[in-house]
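FYI, it's all coordinate maths here, none of it is from the lab. It should be emphasised that the depicted structure is a prediction, and the values quoted were computed from it without experimental measurement. Reconstructed Cβ throughout: ideal geometry from the backbone, glycine too, with neighbour counts over all protein chains shown.
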Amino acid sequence: MTSLFPSAAATPVAIFDPVEVAGSVVRHATLHNADEISRLDLRIGDTVIIYKAGDIIPQIKEVLTSLRPDNLPIFDYEEALKSQYPELEFERPVGEVVYRVKGLDSRLILKRGVEYYASKPALNIEGLGEKNVNLLVDSGLVKNLSDLYRLDAAKVSQLERFAEVSANKLISAIENSKTAPLAKFITALGIRHVGVQTAIALADRFKSLSLLIDATADDLLSIPDIGQVVAESILAYFADEDNLKQLQEMRELGVNPFYDDQTTKPLAGQSYVVTGTLSKMGRDEAEARLRELGATVTGSVTKHTTALIVGEKPGSSKTVKAEKLGIPVMHEAEFLELLRT
């Protein structure tokens, strides 16, 4: 599988059965680029020898071709990219060994990543909207996510859109994000295919970032609604050396997300679907309020749905299915009362 770096580079990652190497259990290793796969003649299903470069970084030393099953196909890197990222187009620039997403600028990717990290569904860092993020990245003060926690109010206040008061407010908001709920931090990382509800499920299952980082494919697949594609995406993210380095730097800078136990909250174990337009709040806010109270929020009505919350111009398919399954329909006034109680 491959992981996408902030530079839009696709880096292959080997996933294998857990093995103890130099005193620790490892489950994956970076393969650097397509040339390294060709050099090793590595194929899916091979048996390999693992070592730690510099006693730290897991690497594949050798493929034991004598143990290779018959008829293992040669690994097609370009075909694998098309399969994993069907909506993206990759190219290998002349003189480079890595494949990159065609037409994407690395600074643009960083800006959107920082924006999402600070957005309401994620860490909700006030003052890190699009314009300020663009300014911080273009000024060179933010080159990756961990740089947010290195920002200095004096330097920020010198930028065009800032003064002393606004710079101090931004630094304070970033400082407060260091102790965010684990589910929100997982959301903020922007792992491919991992949205708010999946992040909550991961936090509930592992309860700490370190245990999530060490998760196996079987661990992830044991979680309801996490399938092979999502599991592979999570494994690839935490197998990526750059991602792990960034997380380590954030930890050293004081970032310490905590597990917010959803089972103790008033709507724990309940599941809701929101459809239509609410007059008092947007749908995103409504879903966030439900999750804050411990509920699960999904996009489709099933027999496990507690109630369908209906605003103006609701989706007809959801209301029809709720009626068919006997799921209660809750109008906005009832929903607001639920939030109050």
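Looking only at residues that are buried (at least 16 other Cβ atoms within 10 Å of the Cβ) and among the hydroxyl-bearing types (Ser, Thr, Tyr) in region 228-275, which one is farthest from the chain's Cα centre (by Cα)? Steps first, please.
Going residue by residue through region 228-275, those that are buried (at least 16 other Cβ atoms within 10 Å of the Cβ) are 230-241, 243, 246-247, 249-250, 255, 257, 260, 262, 267, 270-275.
Then keep just the ones that are among the hydroxyl-bearing types (Ser, Thr, Tyr); that gives 233, 237, 271-272, 275.
Numbers: Ser233: 9, Tyr237: 8, Ser271: 22, Tyr272: 23, Thr275: 25 Å.
Filtering first and then ranking leaves Thr275.
Among the residues of region 283-318, those that are part of a helix (DSSP H, G or I), charged (D, E, K, R) and either crowded, with 16+ Cβ neighbours inside 10 Å or touching a strand residue (DSSP E or B) at 6+ places or on another chain (Cβ under 9 Å) (or both) comprise Arg283, Glu287, Arg289, Arg291, Lys318. Only a single criterion out of (1) crowded, with 20+ Cβ neighbours inside 10 Å; (2) within 14 Å of the chain's Cα centre (by Cα) is not satisfied by Phe206, namely (2). Here Ile171 passes the criteria (1) of a type in the set (A, V, I, L, M, F, W, C); (2) within 19 Å of Asn124 (Cβ to Cβ); (3) surrounded by 20 or more Cβ atoms within 10 Å (Cβ to Cβ) except the one numbered (3). If the condition is being free of Cβ contacts under 8 Å to residues at least 60 places away in the same chain, part of a loop (DSSP other than H, G, I, E, B) and either in contact with a Leu (Cβ under 9 Å, 6 or more places away or on another chain) or closer than 23 Å to Tyr149 by Cβ (or both), then region 217-257 contributes Ile223, Ile226, Gly227. Screening region 44-58 for residues that are surrounded by 14 or more Cβ atoms within 10 Å (Cβ to Cβ) and over 12 Å from Phe16 (Cα atoms) and picking the one that is farthest from the chain's Cα centre (by Cα) gives Tyr51. Residues of region 186-216 that are touching a strand residue (DSSP E or B) at 6+ places or on another chain (Cβ under 7 Å) and assigned to a helix (DSSP H, G or I): Gln197 alone.
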